[in-house]
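These notes are about the structure you will find just below.
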Amino acid sequence: MRTVTKIGLRLILGLVAVYLLVLLLAHSVFTVSRMGGDSMSPLIGSNDFIIATRCFRTDSLHNGDLVIAYIPTAGGVVIHTVRKVEQQPHTPSGQFYLLGVATNAVDSRWLGAFPAQAIRAKVLWIVRGS
């Protein structure tokens, strides 16, 4: 009977270890966050959740792609938000023109093109919040 208990305990510990490994891997590849503001409304609501991947190449981005970017504001605060890639003919290589849907959004209309390093993830799905 003790052998069965040991096998069962090892199986449970092994499953917990696999679960934790999968969870860690998923966290390093994907990010889930709430939009939080209305700069992308009506495309993305303030209660919607964003599921994005950190594993992407910036040279694969096209006009219309949604990305999560770190954008500095005039007060020195850096905001973590979603913006749409809208490259302009004059955008320098390695930089991206990022726009919010709302006309008052902090974006390239105010700050110019952003370096590729400002783009942290590519949006895969938008999950509508309540």
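Of the residues making up the range 28-73, those that are of a type outside the set (S, T, N, Q), closer than 19 Å to Tyr97 by Cβ and assigned to a loop (DSSP other than H, G, I, E, B) number 9.
Quick one: is Val82 in contact (Cβ under 8 Å) with a residue 12 or more places away in the chain, part of a strand (DSSP E or B) and touching a Leu at 6+ places or on another chain (Cβ under 6 Å)? So Val82 fits the description; yes. Within the range 106-120, does at least one residue satisfy the condition of being on the phi < 0 side of the Ramachandran plot, in contact with a Lys or Arg (Cβ under 8 Å, 6 or more places away or on another chain), touching a residue at least 12 places away in the same chain (Cβ under 8 Å) and surrounded by fewer than 16 Cβ atoms within 10 Å (Cβ to Cβ)? The answer is yes; a qualifying residue exists. Beta carbons closer than 6 Å, at least 6 apart along the sequence or on distinct chains, pair a first residue in the range 52-79 that is within 23 Å of Gly36 (Cα to Cα) with a second that is among the aromatic types (Phe, Trp, Tyr) and surrounded by 13 or more Cβ atoms within 10 Å (Cβ to Cβ) for Thr53/Phe30; Val78/Tyr70.
Could you list, in sequence order, the residues of the range 27-52 that are over 21 Å from Gln87 (Cα atoms) and in contact with a Leu (Cβ under 7 Å, 6 or more places away or on another chain)? Matches in the range 27-52: Ile51 only.
Bear in mind that the values in this text are calculations on the coordinates, not laboratory data. Treat the numbers as computed from the prediction; the structure is a model and nothing was measured. Note that we place each Cβ from the backbone using ideal geometry, even for glycine, and neighbour counts take in every protein chain shown.
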